[in-house]
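Engineer: Dropping the structure in here first, questions after.
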Amino acid sequence: MAGDVPRERADAARNRRKVLAAAGELFAARGVAAVSMDDVAAAAEVGKGTLYRRFGDKSGLAAALLDERESQLQQELLSGPPPLGPGAPPVERLAAFTAAYLAYVDAHLDVVALSQTASPGARLRTGSHRFWLLHCRILFTAAGAPDPDLRADALLAALTAEQVRHWRHDEGRELAGLTRAVSALARSLAASHDGSSKP
């Protein structure tokens, strides 16, 4: 019946919120590797079949969890105050994005890593990656940097969860110093010259 549709949609939305809240709490408490889909279903009090139909697997659940967390950063890029938002020079916006994105990856390292490595090339297929890539391409273009597509790819490749984990945990780099270094890298990539020597 037509009257049943809104109730079903409300139930589905409520279940989604419960699942994502439970997953976020479990991932934060135990680490992603130690949490199973069954654990999430039990904590959210939803059926395992419902969970698998909605999210597919743990990487799908991680991607859905990140979607909500990424939306705030995306909104800041589109309409927040400069230099992260509009109104600052493109090079400064690139540096601000790099710092903000690094902080986001560092804060959600295990979940980002799972979403990026679920299958070969998984990182490149997410909607959020396409958003970050387009944002960087636009700013590199506005800065007059040659080959903005390649530079956007290179900057984001340097900020994968795997790389950030290596810097932070294997090399023991502090976040503040790492932020300064990668922000300087972004500014360097945005340089408008092509590196060729001229007399």
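The values are calculated or read from the model by the stated rules, or taken from the named source; none is laboratory data. Remember, predicted model here, so these are calculated numbers, not experimental data. Every residue, glycine as well, gets a Cβ built from its backbone with ideal geometry; the counts of neighbours run over all protein chains shown. SASA here: full protein model, heavy atoms, side chains in, ligands and nucleic acids out. Shrake-Rupley method; radii C 1.70, N 1.55, O 1.52, S 1.80 Å.
Each row is one residue, and each column tells you yes or no for (1) at pLDDT below 90; (2) part of a loop (DSSP other than H, G, I, E, B).
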{"residue": "ALA96", "(1), (2)": "no, no"}
{"residue": "ASP106", "(1), (2)": "no, no"}
{"residue": "PRO120", "(1), (2)": "yes, yes"}
{"residue": "ARG123", "(1), (2)": "yes, no"}
{"residue": "ARG130", "(1), (2)": "no, no"}
{"residue": "THR141", "(1), (2)": "no, no"}
{"residue": "ALA152", "(1), (2)": "no, no"}
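Engineer: Oh, and also: Out of region 30-59, which residues are among the basic types (Lys, Arg) and surrounded by 18 or more Cβ atoms within 10 Å (Cβ to Cβ)?
Structural biologist: LYS58
Engineer: Would you confirm whether any residue within region 136-146 is open to solvent by 50 Å² or more (accessible area, probe 1.4 Å), among the small types (Gly, Ala, Ser) and out of contact with any Ser or Thr (no Cβ under 8 Å at 6 or more places or on another chain)? First the steps, then the outcome.
Structural biologist: Step one: list which residues in region 136-146 are open to solvent by 50 Å² or more (accessible area, probe 1.4 Å), which gives 137-138, 141-142.
Subset that is among the small types (Gly, Ala, Ser): 142.
Subset that is out of contact with any Ser or Thr (no Cβ under 8 Å at 6 or more places or on another chain): 142.
Among the residues of region 136-146, at least one is open to solvent by 50 Å² or more (accessible area, probe 1.4 Å), among the small types (Gly, Ala, Ser) and out of contact with any Ser or Thr (no Cβ under 8 Å at 6 or more places or on another chain), which makes the answer yes.
Engineer: Name the single residue, out of those in region 154-184 being over 17 Å from VAL112 (Cα atoms) and not in a helix (DSSP H, G or I), that is least open to solvent (accessible area, probe 1.4 Å).
Structural biologist: Among those residues, the one meeting the criterion is GLY172.
Engineer: Does SER192 count as at pLDDT below 95, outside any helix (DSSP H, G or I) and either among the polar types (S, T, N, Q) or open to solvent by 50 Å² or more (accessible area, probe 1.4 Å) (or both)?
Structural biologist: On the way: at pLDDT below 95: yes; outside any helix (DSSP H, G or I): yes; either among the polar types (S, T, N, Q) or open to solvent by 50 Å² or more (accessible area, probe 1.4 Å) (or both): yes.
Spelling it out, SER192 is indeed at pLDDT below 95, outside any helix (DSSP H, G or I) and either among the polar types (S, T, N, Q) or open to solvent by 50 Å² or more (accessible area, probe 1.4 Å) (or both).
Engineer: LEU102 - would you say it is of a type outside the set (Gly, Ala, Ser), touching a residue at least 40 places away in the same chain (Cβ under 8 Å), closer than 30 Å to GLY24 by Cα and outside any helix (DSSP H, G or I)? Steps first, please.
Structural biologist: Working: of a type outside the set (Gly, Ala, Ser): yes; touching a residue at least 40 places away in the same chain (Cβ under 8 Å): yes; closer than 30 Å to GLY24 by Cα: yes; outside any helix (DSSP H, G or I): no.
In short, no.
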